[in-house]
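Read-outs: derived from the displayed coordinates by stated rules, not from any lab. Keep in mind that this is a model prediction, so the values were computed, not measured. Neighbour counts are summed over all protein chains in view; Cβ atoms, including those assigned to glycine, are modelled from backbone coordinates with ideal geometry.
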Amino acid sequence: MDLSPAVFRLLAPLPLAAVEGPARWALRAVLDRHPALLDRLGAHGEKRFAFLPDDLPFSFVVTPARRGLSVKRRGIARRADVEISGPFFLLLALLEGRIDGDAVFFSRQITVAGDTEAIVALRNAMDDSTLDLPTDLAAHAGPFAPLVRHGASAIRRRVLTPETR
Amino acid sequence: MELICPAGTPAAYREALEAGADAIYCGFADETNARNFPGLNFSRKEMAQAIELGRARGVRSFIAINTFMRAGDERIWYDAVDDAVALGADAVILADTGLMAYTAEKHPAQRLHVSVQAAASNPEAIAFLAEGFGAKRVVLPRVLTLDEVAALTRKSACETEVFVFGGLCVMAEGRCSLSSYATGKSPNMDGVCSPASHVRYRNDGDTLVSELGAYTINRFGPGEAAGYPTLCKGRFHIAEAEGYAFEDPVSLDILDQIDVLRAAGVKALKIEGRQRGKAYVAAVVSTIRKALAAPPQERAGLVASLRNLSEGQKTTSGAYEKRWR
Amino acid sequence: MSRSSTLVLGPVPYLWEGEAWRDFYFRIADEAPVDVVSLGETVCSKRLHFFDPHFDAVLERLEAAGKTVHLATLALITLERERRAQDKLLAREDRVFEVSDLSALHKLKGRPHTIGPLVNTYNAATARLYAARGAQSVCLPPELPMTSIARIAEDAPEVSFEVSAFGKVPLAISARCAHARAKGHTKDNCQFVCAEDPDGLPVETLDSQPFLALNGVQTVSHTCNVLMEELAALERHGVRRFRLSPQHCDMVGVAQIYRGVLDGTLAPDEGLARLREVYPGVPFSNGFIHGAVGAEWIDAA
């Protein structure tokens with residue numbers, strides 16, 4: 001399920017802005033479509049959640065209530081209340097609630113550090129939000145909606161195992 | 001037998017509904033229920049919508065108000081019961097006898113179930129609750145063997161409901177202060193056990209260390225299946241040896257004993273897991289629903305797939321099997 | 001203040017075999033300034049036969065010494081054998097029983113009894129419910145903070161309340177015997193190994209921090225709950241009964257210290273210093289009453 005090292009090498013030289021722009025756009029798309037997510041997060045929405053995909057050369061720090069997202073290169077120090085690491089597409093599947101967070105944690109596929117209460121709140125908020133990234137992102141893509149939906153679905157089909165699809 | 005399924009969020013409620021629940025239990029988003037976790041549970045509005053959704057499909061909704069009223073703040077618990085009744089809960093699941101007395105007096109027509117947290121482990125305790133407060137059903141504590149469940153069900157003054165799958169309390173429920181001893185937060189008063197606010201995971205090289213408050217609860221070597229730092233499933237040092245003093249990080253699974261429970265007259269089978277995600281609820285409920293309909297010899301194969309979703313990826317028949325003790 | 005508060009000696013939670021158990025109570029009868037003694041086994045039904053032969057002699061000696069004796073019931077009753085044992089105990093007429101499980105409450109309606117610390121009484125509504133059914137006093141659960149105790153006492157002034165002031169805290173009870181398990185036995189064939197640890201078997205974390213202690217099927221704290229500076233405040237809130245739970249130390253000495261502090265003849269800080277001499281080697285805690293982590297010691301002076 002990990003992205004191939006080739007992808008890692010391909011993405012490594014990208015300027016941060018080229019990653020941060022689309023990522024911020026995606027975050028706003030999701031929050032616009034799922035306002036209840038912030039309700040469930042409550043005060044934890046102000047916390048900084050760092051996502052560290054093992055197989056990407058970047059880390060993402062999200063502050064949900066501020067709709068904030070910043071991208072750092074792997075290995076560069078970041079300030080965060082919470083750190084969640086694992087394969088990129090596993091993290092995405094977790095965001096969509098397609099797999100059970102506890103199960104992948106117990107099996108050591110993802111690791112977490114920092115404010116455990118915030119992690120639990122995020123997990124529960126995401127779990128209730130019925131995120132569907134192809135649909136959510138397409139809804140935010142205006143005239144490019146069909147393209148985004150098609151692209152995102154294709155990526156998901158490629159990477160998700162049958163059980164998690 | 002009825003299948004009683006957990007829902008920590010409206011999304012999980014919908015999954016349980018689709019997967020074949022007979023009844024779904026949930027709680028309000030505050031300290032009135034024993035799964036008072038961050039980001040979990042139902043607002044009054046969400047609860048109303050869930051109950052309506054269930055009713056349209058003939059599925060009942062039970063509301064767990066199963067912590068003990070904090071002195072001086074009893075109103076929060078009374079309001080929870082009043083609102084549950086007003087919203088049309090098919091049953092309220094209660095643990096505090098003071099709250100049961102209030103409910104029986106104020107809402108005599110409301111169906112009252114006794115929570116596992118009330119620790120009714122024998123016929124006399126059940127009689128006390130059934131006669132005193134009109135309890136119609138008691139959820140049995142996970143301290144009984146199957147034989148004891150059967151004997152107790154025969155002598156019980158009301159229906160019995162039994163946990164068959166999910167998290168396992170090693171200690172008699174509702175009588176455990178281990179969590180508050182280590183963190184100041186208790187299942188009975190705060191609705192949390194080993195609360196996330198006091199949990200820390202730390203990597204010590206390749207070893208994952210879990211801590212609760214000031215205490216190390218476990219160390220997991222590389223590749224070893226991990227667990228949540230629930231106190232009673234921690235690894236400790238006793239009498240020159242290291243090990244799981246109370247229980248391994250495992251889940252309860254007695255699905256191979258369904259026929260025994262049915263023959264004993266048990267009215268309902270309960271799945272634990274309001275704190276688990278909707279993917280878990282969907283998988284567990286649909287699999288158990290299938291297993292209930294399947295011939296006994298096919299059940300083991302059906303439920304084997306659930307093991308990967310379990311804490312520690314292992315299951316036990318717990319106290320239901322006498323040797324466990 | 002009118003008459004000084006009542007001192008209650010709780011049941012011995014550990015397995016102290018036959019004669020040791022008897023001699024402990026004989027000395028309590030002869031020397032300890034306690035008013036009430038709650039006698040009996042609350043933890044494990046398998047232990048009953050150890051002190052059965054001495055039970056009546058102890059009862060007589062305590063009563064002859066002017067102590068009020070209550071008979072404590074089992075906390076966790078699941079087996080037929082345990083139900084029968086409770087029935088046999090409750091068949092004793094003219095006795096006051098200390099209730100440790102709802103089953104005894106059911107059986108004792110209309111008969112004199114007290115509510116022990118192992119029954120969940122978290123608010124005045126529950127306390128009043130039990131008092132209305134005949135409970136003469138209610139010992140509140142060890143994890144309750146002072147704020148709750150004060151509120152309960154205020155809202156149910158007609159009820160006599162008791163608070164645990166000394167002893168390792170009973171934290172949990174299980175169908176499984178972790179104590180036997182730790183020594184390689186099952187509960188059914190436990191060989192009464194819990195008798196080897198008259199003050200509980202220590203449980204440490206993997207980092208060697210002392211944490212808990214095993215007492216058969218019960219888990220107790222490693223620390224000893226000690227309320228000393230807090231006694232006056234509790235009395236002001238209307239609590240007039242204080243429970244001392246036996247530890248493997250000089251409990252006569254412990255009772256004398258508490259008697260002195262409650263009577264005003266011993267300052268709380270002196271009482272505390274003397275208590276550390278009587279029960280050395282075990283850290284004290286009072287976190288629960290201060291609404292903090294139960295294991296903590298909060299300097300209340």
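Overview of results
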item: For the range C:109-237, share of DSSP beta bridges that run antiparallel, in % to the nearest 5; result: 75 percent
item: Karplus-derived HN-Hα couplings along the range B:62-74 (A = 6.51, B = -1.76, C = 1.60, θ = phi - 60°), whole Hz, x at Gly and Pro; result: 10, 10, 7, 10, 10, 10, 9, 4, 6, 4, x, 10, 3
item: Cα-only radius of gyration and Dmax that characterise the protein assembly as shown, units Å; result: 27.5, 95
item: Restraint check, B:Lys45/B:Lys290; B:Lys233/C:Lys88; B:Lys106/B:Lys270, Cα-Cα greater than 30 Å; result: B:Lys45/B:Lys290; B:Lys233/C:Lys88
item: Calculated from backbone phi, Karplus (6.51, -1.76, 1.60) coupling profile of the range A:102-111 in Hz, x at Gly/Pro; result: 4, 4, 6, 6, 4, 8, 6, 6, 10, 10
item: Fraction of antiparallel bridges per DSSP, chain C only, in percent to nearest 5; result: 35 percent
item: Dipole magnitude of chain B about its Cα centre (Cβ charges: Lys, Arg +1; Asp, Glu -1), debye to nearest 20; result: 480 debye
item: Magnitude of the charge dipole, the range B:178-244, Cβ model with Lys/Arg +1 and Asp/Glu -1, debye to 20; result: 200 debye
item: Alpha-carbon centroid distance for the pair the range B:11-41 / the range C:151-172, whole angstrom; result: 34 Å
item: The protein assembly as shown, dipole about Cα centre (Lys/Arg Cβ +1, Asp/Glu Cβ -1), debye to the nearest 20; result: 2420 debye
item: Footprinting exposure proxy for B:Ser186, C:Ser45, A:Ser153 (fewest neighbouring C-beta atoms within 10 Å first); result: A:Ser153, C:Ser45, B:Ser186
item: Over chain C, relative contact order from alpha-carbon pairs under 8 Å, at least 6 apart, %; result: 19 percent
item: 5 angstrom amide H check on C:Val96, placed H, neighbours 5+ away; result: C:Leu71
item: Sorted by Cβ neighbour density within 10 Å, fewest at the top, the residues B:Asp147, B:Asp204, B:Asp22; result: B:Asp204, B:Asp147, B:Asp22
item: Amide H contacts of B:Ser177 (H built 1.01 Å from N, under 5 Å, at least 5 apart or other chain); result: C:Ala172
item: Sites excluded, trypsin sites (Lys or Arg not before Pro) in DSSP loops with at most 12 other C-beta within 10 Å, longest stretch of chain C; result: C:110-301
item: Phi-based couplings in Hz for the range C:104-118 (Karplus 6.51, -1.76, 1.60; Gly and Pro marked x); result: 5, 4, 4, 6, 9, 3, x, 10, x, 7, 10, 9, x, x, 8
item: Residue order, fewest to most surrounding Cβ atoms within 10 angstrom, among C:Phe55, B:Phe37; result: C:Phe55, B:Phe37
item: Shape of the range C:1-92, Cα gyration tensor, a/c cut at 1.5; result: prolate
item: The protein assembly as shown: antiparallel DSSP beta bridges as a percent of all, rounded to 5; result: 45 percent
item: Calculated [θ] (222 nm, deg cm²/dmol) that DSSP helices of n ≥ 4 give over the protein assembly as shown, each run adding -39,500 (n - 2.57); result: -11000 deg cm²/dmol
item: Dipole axis of the protein assembly as shown (+1 Lys, Arg; -1 Asp, Glu on Cβ), positive-most option in C:Gly40, C:Pro170, B:His107; result: B:His107
